[in-house]
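Below is one structure; the comments refer to it alone.
A short reminder: the numbers here are calculations on the coordinates, not readings from a lab. Note that the coordinates shown come from a computational prediction; the quantities given were computed from them, not determined experimentally. Please note: Cβ atoms are built from the backbone with ideal geometry, for glycine as well, and neighbour counts cover all protein chains shown.
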Amino acid sequence: MARVYIGLGSNLANPREQLQSAVQAMAQLPETEVAGVSSFYASDSLSPGQPRYTNAVAALDTGLAPIALLDALQAIEASQGRERKERWGPRTLDLDILLYADQVIDEPRLKVPHYHMHARPFVLYPLAELVPESFQLADQRPLSQLLADCPFVGLERL
Ligand code: ROI
């Protein structure tokens, strides 16, 4: 079993319910248990002109290999009405593999650790609820340092 952290985001069609449904769907995946879910946080979109996002992080223990997990998460996104039109467009559900054990993955479909997580408060603060204080990302500064460099600005804990 691998400990995996998933970033959840939604800014359409009742975001809180989207996130709750996604957690339930992830709990139904084969060889997978949900080990924890952070609080939900609201924040403005990083791209202007979109509704506010609701974000959270979930910890999974899974026997699914990284690409199998990616396929499963994309199927959940699709089942919750995700349409891929514009790259940074609004979405009913976004599920990102943030971390997969301590693996560094660099494949066309999947980069882990997730590219932008190190500087996004709506990823780092929920992640910090689920991991020990000393937590270190593969090839990165300790989470405590990332948090210190990424102030809790514009984030609303729900
Ligand atoms: N902004 C916030 N606050 N949360 C997100 O999950 C998020 N996702 C995105 C963009 C459009 C970059 N902005 C976001 O993809």
Relative contact order computed over the chain (Cα-Cα under 8 Å; 6+ residues apart), in percent: 30
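So which helices of the chain fit the span-like rule, where a helix is a whole DSSP H run, its Cα atoms reach 15 Å or more along the axis, and its mean Kyte-Doolittle is at least 1.0?
What comes out of the filter, once short or polar helices are dropped, is 66-79.
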Which of 135, 40 has the fewest other C-beta atoms within 10 Å, and how do the rest follow up to the most? 135, 40
Report the equivalent ellipsoid semi-axes for the chain in whole Å, largest first, defined as the square roots of five times the eigenvalues of the gyration tensor built from alpha carbon atoms. 21, 20, 15
Could you grab the Rg to Rh ratio for the range 11-71? Cα atoms only, Kirkwood for Rh. 1.04
